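Colleague: Below you'll find the structure I mean.
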Amino acid sequence: MNERPSRGQAGTLWYMAPEVLLGKPDYDELVDAWSLGCVMAELLAGEPLFRGQNATDQVLRIFDVLGGAHGNPRLRELFPEERLSWDGFQVLDGLLTCDPAKRLPAATALQCPWFAGSG
């Protein structure tokens, strides 16, 4: 048997991926991609994007901004074109995707036009 051991919560609450907050026992490097998105948003906004008081509050704050698994209705409002170009927003949106199966891996994000300096 080559089962991966389950992992406990690790990291700072405000940067934890939704699947970690919801208690998923196994996760991969995509949780780090989520954290990168949180740091990117914080650098752009000057403050953390999701500042929950506990895991439940954190998940609610994430879903309030990102709409859960159904898209990101408020994210673009928080980061309009004047603050973040379309190419830059594609990176942020990809990193801050609630569904880890649809989240942009960091290696793929680095191949986006925004990092080439054209966005």
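This table checks each residue for (1) of a type in the set (Phe, Trp, Tyr); (2) closer than 18 Å to Thr12 by Cβ; (3) surrounded by fewer than 17 Cβ atoms within 10 Å (Cβ to Cβ).
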| site | (1), (2), (3) |
| --- | --- |
| Trp86 | yes, no, yes |
| Leu95 | no, yes, no |
| Asp99 | no, no, yes |
| Ala116 | no, no, yes |
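Colleague: Then there's this: Determine the pairs where a residue that is free of Cβ contacts under 8 Å to residues at least 24 places away in the same chain, located within region 51-66, has a partner that is surrounded by fewer than 16 Cβ atoms within 10 Å (Cβ to Cβ) and assigned to a helix (DSSP H, G or I) with Cβ atoms under 8 Å apart, the partner being 6 or more residues away or on another chain.
Modeller: Correct list of pairs: Val65/Leu78.
Colleague: Another question, then. Across region 43-59, what is the number of residues that are within 24 Å of Gly88 (Cα to Cα) and assigned to a loop (DSSP other than H, G, I, E, B)?
Modeller: Total meeting the criteria: 6.
Colleague: Can you name every residue in region 87-113 that is assigned to a helix (DSSP H, G or I), of a type outside the set (Val, Ile, Thr) and within 17 Å of the chain's Cα centre (by Cα)?
Modeller: Hits for region 87-113 are Asp87, Gly88, Phe89, Gln90, Leu92, Asp93, Gly94, Leu95, Ala106, Ala107, Ala109.
Colleague: I'm trying to understand the selection: among the residues of region 14-26, which are modelled with pLDDT under 90 and surrounded by 12 or more Cβ atoms within 10 Å (Cβ to Cβ)?
Modeller: Passing the criteria: only Lys24.
Colleague: Which of (1) at positive phi; (2) modelled with pLDDT of 95 or more; (3) touching a helix residue (DSSP H, G or I) at 6+ places or on another chain (Cβ under 9 Å) does Gly11 not meet, given it meets every other one?
Modeller: Condition not satisfied by Gly11: (2).
Colleague: On to the next question. Pull up region 68-93, narrow it to residues that are over 12 Å from Ala45 (Cα atoms) and of a type in the set (A, V, I, L, M, F, W, C), then point me to the one that is modelled with the lowest pLDDT.
Modeller: Ala69
The values are calculated or read from the model by the stated rules, or taken from the named source; none is laboratory data. Bear in mind the structure is a predicted one, so any value in this text is a computation, not a measurement. Cβ sites come from the backbone with ideal geometry, for glycine too, and all protein chains shown count toward neighbours.
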